[in-house]
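The values are calculated or read from the model by the stated rules, or taken from the named source; none is laboratory data. The shown structure was predicted, so the numbers you read here are calculated from the model rather than taken from an experiment. Heads up, the Cβs are rebuilt from the backbone with ideal geometry, glycines too, and the neighbour counts pull from every protein chain shown.
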Amino acid sequence: MRIGTLGTGAMAEALAGQWVRAGHEVMVGGRSPERAAVVARRTGGRRGTLREAAGHGTDAVLLAVPAPVAPGLASELAPLLEGRTLIDCTNPVGPGFALTTEPGPSAAVRIASAAPGARVVKAFNLCHSGVWHLSPPVFDGRPLAVPLCGDDPDALDVVRALVTGLGCVPFDGGGLARAGLLEATAAFLIGLWAGQGVDAQAIAPPLPYAQGS
Ligand SMILES: NC(=O)c1ccc[n+]([C@@H]2O[C@H](COP(=O)([O-])OP(=O)(O)OC[C@H]3O[C@@H](n4cnc5c(N)ncnc54)[C@H](OP(=O)(O)O)[C@@H]3O)[C@@H](O)[C@H]2O)c1
């Protein structure tokens, strides 16, 4: 696949590295040419500007910038993102592990509104960038599950394939209207992990117990 990243930070670097190793043609796009060059060298991808990465990502574009600036960037690049699968990994989490988007729409919905021709899929937002460096992310013998929220079946298929390629298991989280729940889940988990230092993985029982057996 041809994949572009919008951003050269921790998430772009982790996922770009995985995708290059999986054989995809990745362009790392950033506003700083120096930083894009560094991350391209580390990951084995090509370097580019934000515009070049959006153009390169004919199969998928990863939006990996701070949530408050993501809709503005999506709007700026909207003509280039027309028809693109736009993977939104942003977390609109602010002080006190609260959602900065409330009481308005989720970050994913704001991004989709800003670039109406893009096919937005919320994914990869629940885990620290360090997890996305693992090959594969498997814990206690169980591959990591990655929930996806999106409305476009083809875009969801693309992201499912990328998730599977990482050695993870895609979970269908429903339409983009439910992406806010994924963002809230991230805020809640980060609050437990970073705020209290507890193992949030322990909050959910195995499936048979979850179903009341
Ligand atoms: N880090 C994690 O563990 C993690 C996990 C899950 C989700 N996320 C989410 O993923 C997104 C990216 O996180 P990150 O940790 O990769 O962030 P990061 O390391 O801080 O990198 C942010 C990237 O966004 C760019 N950027 C910032 N403002 C911009 C603007 N106005 N226009 C264009 N580019 C801009 C930065 O460019 P410069 O270098 O030029 O400043 C940098 O390339 C965030 O929304 C975060 O909430 C992060």
When restricted to Arg47, Arg31, Arg41, the only residue modelled with pLDDT of 95 or more and assigned to a loop (DSSP other than H, G, I, E, B) is Arg31
Among the numbered criteria (1) more than 16 Å from the chain's Cα centre (by Cα); (2) buried (at least 23 other Cβ atoms within 10 Å of the Cβ), which one does Arg47 miss? (2)
Would segment 118-128 turn up any residue that is at pLDDT 95 or above, within 13 Å of the chain's Cα centre (by Cα) and surrounded by fewer than 18 Cβ atoms within 10 Å (Cβ to Cβ)? yes
Do we have Ala184 as within 14 Å of the ligand (Cβ to nearest atom), at pLDDT 95 or above and not hydroxyl-bearing (Ser, Thr, Tyr) here? yes
Restricting segment 51-62 to residues that are of a type outside the set (A, V, I, L, M, F, W, C) and outside any loop (DSSP other than H, G, I, E, B), the residue that is nearest to the ligand (Cβ to nearest atom): Arg51
Residue satisfying all of: in segment 1-49; touching a Lys or Arg at 6+ places or on another chain (Cβ under 6 Å) and within 13 Å of the ligand (Cβ to nearest atom); nearest to Gly72 (Cα to Cα) among these: Thr8
Hits in segment 175-199 (condition: surrounded by 16 or more Cβ atoms within 10 Å (Cβ to Cβ) and among the small types (Gly, Ala, Ser)): Ala179, Gly180, Ala184, Ala186, Ala187, Gly191
Can you name every one of the helices (runs of 4 or more DSSP H) wholly within segment 63-173 that holds 1 or more residues which are within 15 Å of the ligand (Cβ to nearest atom) and among the acidic types (Asp, Glu)? 70-76
